[in-house]
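Asker: Pasting a structure here, questions to come.
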Amino acid sequence: MGSEGITQECSQKVANPGRATILALGKAFPHQLVMQDYLVDGYFRDTNCDDPVLKQKLTRLCKTTTVKTRYVVMSEEILKKYPELAIEGLPTLKQRLDICNDAVTQMAVEASQACIKNWGRPISDITHLVYVSSSEARLPGGDLYLARGLGLNPEIQRVMLYFVGCSGGVAGLRVAKDIAENNPGSRVLLATSETTIIGFKPPSAKRPYDLVGVALFGDGAGAMIIGSDPVLGNEKPLFELHTAIQEFLPETEKAIDGRLTEEGISFKLARELPQIIEDNIEGFCEKLIKVVGFPDKEYNKMFWAVHPGGPAILNRMEKRLELSPEKLNASRRALMDYGNASSNTIVYVLEYMLEESLKIKRENQGDNEWGLILAFGPGITFEGILARNLTV
């Protein structure tokens, strides 16, 4: 598996005392790179399926997702060792977890190491760990295995968020923010790690919604260091986390329905999911924006770091909030390059957001200092953080 990080230019804005800031980002991926143009033939070959109707449907879905590339743990070697993963109806939860537990730990370690390198301080300065994954299940949890793999102090304080889905990255960031602001001097490592093997299945006419996941989701890991009162000269804060809120929408529990069964995880996504998000996004954002007294509807004066659940959700948001097309560039780029990697994806979006901010600054298009970090998950749950970009 490979890891990547990002090194930022010197921050220009000063963080407010006591406010949590993102001090570094890092990411990691498995070695298998999947080109979307070749996914359909490979998937139907690997699962020994020759259904022309399902193949045509997946081909159409692969084009509409806008994904170009993504990384996956699944490989020919894994399918040779566990051929039952491609056979309909066999109980394979043990096999899946054997693969997933090791894979997510390895990716989380690599993403965290990349993040710590970018941070520039000793690993011994990390005081807390928040670990997020919807791709494993074990006792002790992945938080302990990650701590051991990194060589963290056994006295480190750990929090684990399991099966939060696509909102997990921002949920973890909200928890890390609270820890950092209530424990002066603390430095929180937030790590997310996901693999689609937990839900890999052969195509079936009885489960047409599975094909959406095949066309959309990818694997990987992400990491952030969060802390308040950055040490001048040693730390370069990227984003200040001002206000964080969470809200679930009543009577929407079945809109994102996931079940862990003997055959792995199965998901059902309601067709009305993008519409539900469109109908509720503006009211949710207004709750965050009013904290700093922004005038109504001035959304294009902000940056938007949105978890790209899929192109339909981004398109609906852009329409409802009347956003300029470039406002969701970071989210669309992350989706195109990595697919929907569940909780990890917000890390990739934030990296691209920093690039987009530098471009806006060079072109004198305003600084977009304030913005929102958003994600949507099962519940339907909205996660949002009002943030300042300290690099513009």
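Asker: How do Ser134, Ser186 line up, fewest other C-beta atoms within 10 Å first?
Answerer: Least to most surrounded, the residues fall as Ser186, Ser134.
Asker: What FRET efficiency, computed as 1/(1 + (r/R0)^6) with R0 = 51 Å and r the Cβ-Cβ distance, is obtained for Lys319 and Glu76, rounded to the nearest 0.05?
Answerer: Computed FRET efficiency for Lys319 and Glu76 comes out at 0.75.
Asker: Peptides 48-54, 141-147: what's the order by average Cβ count within 10 Å, highest mean first?
Answerer: 141-147, 48-54
Asker: I need the calculated FRET efficiency for the pair Ser204 and Leu232, taking r as the beta carbon distance and R₀ as 45 Å, to the nearest 0.05.
Answerer: So, using R0 = 45 Å, E works out to roughly 0.20.
Asker: Take each of the peptides 253-264, 99-110, 56-67, average the number of other beta-carbon atoms within 10 Å over its residues, and list them starting from the highest.
Answerer: Details: 253-264: 14.9, 99-110: 24.3, 56-67: 17.2.
Highest to lowest by the protection proxy: 99-110, 56-67, 253-264.
Asker: Could I ask something else about it? For Asp219, Asp41, Asp210, what's the fewest-to-most ordering of other Cβ within 10 Å of each Cβ?
Answerer: Asp41, Asp210, Asp219
Asker: Determine the relative contact order of the chain: mean sequence separation of Cα pairs under 8 Å and six or more apart, normalised by residue count, in whole percent.
Answerer: Numbers: 873 pairs, mean separation 99.4, N = 392.
Relative CO of the chain lands at 25 percent.
Asker: Another one. Give, rounded to the nearest 20 debye, the magnitude of the charge dipole that region 242-389 has about its Cα centre when Lys and Arg contribute +1 at Cβ and Asp and Glu contribute -1 at Cβ. Don't jump to the answer; show the numbers that get you there.
Answerer: Numbers: 18 positive and 24 negative charges, 55 e Å.
Computed about the Cα centre, the dipole is about 260 debye.
Asker: Tell me, what HN-Hα J-couplings in whole Hz come from the Karplus equation 6.51 cos²θ - 1.76 cosθ + 1.60 at θ = phi - 60° for each residue of region 297-310, using x for Gly and Pro?
Answerer: Going residue by residue, I get 6, 8, 5, 7, 8, 10, 8, 10, 9, 10, 4, x, x, x Hz, with x marking Gly and Pro.
Asker: Turning to a different aspect of this structure: Just rank Ser357, Ser112, fewest to most, by other beta-carbon atoms within 10 angstrom.
Answerer: On the way: Ser357 21, Ser112 31.
Final ranking by Cβ density, sparse to dense: Ser357, Ser112.
Asker: Report the full-extension gain for the segment Asp279 to Met35: residue separation times 0.36 nm, less the Cα-Cα distance, to one decimal in nm.
Answerer: Working: separation 244, 0.36 × 244 = 87.84 nm, distance 3.39 nm.
Fully extending the segment from Asp279 to Met35 adds 84.5 nm.
Asker: Any idea how far apart Val14 and Glu262 come out in nm if each label point goes 7 Å out from Cα toward Cβ?
Answerer: 6.4 nm
Asker: Still on this structure: Report, in listed order, any pair from Lys254/Lys297; Lys68/Lys254; Lys55/Lys201; Lys177/Lys290; Lys117/Lys301 with a Cα-Cα distance greater than 24 Å.
Answerer: Lys254/Lys297; Lys68/Lys254; Lys117/Lys301
Asker: Per-residue ellipticity at 222 nm for the chain, helices alone: DSSP H runs ≥ 4 residues times -39500 (n - 2.57), over residue total, nearest 500 deg cm²/dmol?
Answerer: About -11500 deg cm²/dmol.
Asker: For Lys290 and Lys359 in one chain, what is 0.36 nm times their gap in residues minus the Cα-Cα distance, to one decimal in nm?
Answerer: Gain on extension, Lys290 to Lys359, equals 22.1 nm.
Asker: Quick check: Cα centre of region 86-154 to Cα centre of region 256-327, how many Å?
Answerer: 28 Å
Asker: Report the residue, chosen from Gly220, Gly233, Gly42, that carries the largest GNM mean-square fluctuation when the chain is represented by alpha-carbon nodes joined by springs under 10 Å.
Answerer: In this elastic network of the chain, the residue with the biggest mean-square fluctuation among Gly220, Gly233, Gly42 is Gly233.
Asker: Related question: Using 0.36 nm times the number of residues separating Lys254 and Glu298, minus their current alpha carbon distance, what extension gain do you get?
Answerer: On the way: separation 44, 0.36 × 44 = 15.84 nm, distance 3.33 nm.
Length difference between fully extended and current span is 12.5 nm.
Asker: Still on this model: Set Lys and Arg Cβ to +1 and Asp and Glu Cβ to -1, take the dipole of region 81-236 about its Cα centre, and tell me which of Pro83, Ile226, Thr105 lies farthest positive.
Answerer: After comparing all options, I get Pro83.
Asker: Over region 242-389, what is the mean sequence separation of C-alpha contacts under 8 Å (at least six apart), divided by residue count, expressed as relative contact order in percent? Spell out each step's value before the answer.
Answerer: Details: 211 pairs, mean separation 53.5, N = 148.
Relative CO of region 242-389 lands at 36 percent.
Asker: Quick one: dipole size for the chain, taken about the Cα centre, charges +1 on Lys/Arg Cβ and -1 on Asp/Glu Cβ, in debye to the nearest 20. Could you put the intermediate results ahead of the total?
Answerer: On the way: 44 positive and 50 negative charges, 52 e Å.
The calculated dipole for the chain is roughly 240 debye.
Asker: For Arg158 and Val53, what does the FRET efficiency come to when R0 = 35 Å and r is the distance between their Cβ atoms, rounded to the nearest 0.05?
Answerer: On the way: r = 47 Å, r/R0 = 1.36.
Step by step, r from the Cβ atoms, then E = 0.15.
FYI, it's all coordinate maths here, none of it is from the lab. Everything numeric in this text was worked out from a predicted model, so none of it was measured. Cβ coordinates were reconstructed from backbone atoms using ideal geometry, including for glycine residues, and neighbour counts include every protein chain displayed.
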